[in-house]
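Here is the structure we will look at.
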């Protein structure tokens, strides 16, 4: 009986302390419908459900006929709007010490320099860098690649931040790394 009561109390505590699970990895939900792209969402914007623009501006891209063909026919994020650098982040619940995998599709906006798009992904203060070559890419051939980052949660929440900085290429710099189909899984 005492064991059952302990389990019930533990379950009740776990459900009351639960917060935000990872959400909207396809960027399909927002406070305004993304019927045909939204450009230059500014730092602090949380128009895209679950996400906050963390630096610069970003572009919220729809599938054709408005934008490019995103991974699995959903929306995507061009991490560089009009200021040469842009980023987006989300904080979500984790179990301290728990093992997780961040998985996402990576491409690049082929419409402006540089050809090689940099991406920095920071999870709980640890940054992993990626590059994507847009040579020969187009709206219907984005060249999506799947990327994974394994991490151990250091607390009851974790934060993932995606940033692309193309300022080294000089103007125009309004085309960066592109992400889609973001997932957080427990392997």
### Query
Taking region 134-144, which residues are modelled with pLDDT of 95 or more, within 17 Å of residue 77 (Cα to Cα) and surrounded by fewer than 18 Cβ atoms within 10 Å (Cβ to Cβ)?
143
#### Entry: Test: residue 75 is modelled with pLDDT of 90 or more and in contact with a helix residue (DSSP H, G or I) (Cβ under 8 Å, 6 or more places away or on another chain)
no
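Here is a yes/no grid of residues against (1) under 15 Å from the mean Cα position of the chain (by Cα); (2) assigned to a loop (DSSP other than H, G, I, E, B); (3) at pLDDT 95 or above:
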residue: 69; (1), (2), (3): no, yes, no
residue: 97; (1), (2), (3): no, yes, yes
residue: 100; (1), (2), (3): no, no, yes
residue: 111; (1), (2), (3): no, yes, no
residue: 121; (1), (2), (3): yes, no, yes
residue: 127; (1), (2), (3): yes, no, yes
### Summary
All conditions in (1) touching a helix residue (DSSP H, G or I) at 6+ places or on another chain (Cβ under 6 Å); (2) modelled with pLDDT of 95 or more; (3) not in a strand (DSSP E or B) are true of residue 105 except (3)
### Query
Looking at region 135-143, is at least one residue more than 19 Å from residue 40 (Cα to Cα) and assigned to a strand (DSSP E or B)?
yes
### Query
Does residue 82 satisfy being in a strand (DSSP E or B), touching a residue at least 12 places away in the same chain (Cβ under 8 Å), surrounded by fewer than 21 Cβ atoms within 10 Å (Cβ to Cβ) and touching a strand residue (DSSP E or B) at 6+ places or on another chain (Cβ under 8 Å)?
no
### Message
Every residue in region 148-181 that is in contact with a strand residue (DSSP E or B) (Cβ under 7 Å, 6 or more places away or on another chain) and under 17 Å from residue 99 (Cα atoms), please.
### Response
148, 149, 150, 151, 152, 153, 156, 157, 158, 159, 160
### Message
Given the condition part of a loop (DSSP other than H, G, I, E, B), modelled with pLDDT under 95 and closer than 23 Å to residue 172 by Cβ, answer yes or no: does some residue in region 19-40 qualify?
### Response
yes
### Query
Do we have any residue at all in region 51-65 that's part of a loop (DSSP other than H, G, I, E, B), within 28 Å of residue 157 (Cα to Cα) and without any contact (Cβ under 8 Å) to a residue 60 or more places away in the chain?
yes
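The values are calculated or read from the model by the stated rules, or taken from the named source; none is laboratory data. Here the structure is a predicted model, which means the values were calculated and not measured. Because the Cβ atoms are built from the backbone with ideal geometry, glycine has one as well, and the counts that use them run over all protein chains shown.
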